[in-house]
Amino acid sequence: VNMAPYLFFLGVGTYEVYRRTVEYPSGESFLLELVCFPNIVKPEHAGESLEALHDSILWTFISCGPEAYSHLKEEEEIYKLLKEREELKESLFGPRVHRVGDNSNFSNE
């Protein structure tokens, strides 16, 4: 089934938006956004939520499929390398989760 790889949101009002990029092993990427009412969600909680979603997306991408149990060691190594890549990107480019419109970005660690 072909489905659109995007979701539209039309909202009126003021929102805080937190962003996190998901990058697949191939280098393809997309953006996760968490849209919250102002002053309801603490930045560290938003960061933890996006990190959990990020990790679950990558784990599902790596661990599921027709040969899900045929290459367990390779899957474990790929996941480990992806974690290492994320840590390197954070050390080079700063926090992985960003609050849109705020220059005082934070790290959720």
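Amide H to amide H, with H built 1.01 Å from N, R96 comes under 5 Å of N108, counting only residues 5 or more places away or on other chains. Is the shape of the chain rounded, prolate or oblate, going by the alpha carbon gyration tensor and its root eigenvalues a ≥ b ≥ c, with a/c under 1.5 for rounded and a/b larger than b/c for prolate? Verdict is oblate for the chain.
The alpha-carbon of K89 sits under 22 angstrom from the alpha-carbons of these lysines, leaving out residues fewer than 8 places away in its chain: K80.
Distance between the modelled labels on F8 and I78, one decimal in nanometres: 3.4 nm (7 Å Cα→Cβ projection). Taking label positions 7 Å along the Cα-Cβ direction at both E90 and V17, the computed distance is 2.4 nm, reported to one decimal.
Each stretch of four or more DSSP H residues adds -39500 (n - 2.57); spread over every residue of the chain, this sum gives -13500 deg cm²/dmol at 222 nm. Against the chain, whose longest principal axis comes from its Cα atoms, helix 43-63 is set at around 20 degrees. Computed over protein heavy atoms with a 1.4 Å probe, the carbon and sulfur contribution to the accessible area of the chain reaches 58%. Once the Cα atoms are used to define both axes, helix 72-93 deviates from the longest principal axis of the chain by about 30 degrees. Ranked by the mean number of other Cβ atoms within 10 Å per residue, highest first, peptides 58-69, 42-53 order as 42-53, 58-69.
For every other residue with a beta carbon closer than 15 angstrom to the beta carbon of A68, add +1 if it is Lys or Arg and -1 if Asp or Glu, then tell me the sum. With Lys, Arg at +1 and Asp, Glu at -1, the neighbours total -3.
For the chain, the share of DSSP beta bridges that are antiparallel, to the nearest 5, is 100%.
The values are calculated or read from the model by the stated rules, or taken from the named source; none is laboratory data. Just so it is clear, the structure is predicted and the values come from calculations on it, not from any experiment. Neighbour counts run over all protein chains shown; Cβ positions are idealised from the backbone, glycine included. Keep in mind that these areas ignore ligands, DNA and RNA; they rest on the heavy atoms of the full protein, side chains included. Shrake-Rupley method; radii C 1.70, N 1.55, O 1.52, S 1.80 Å.
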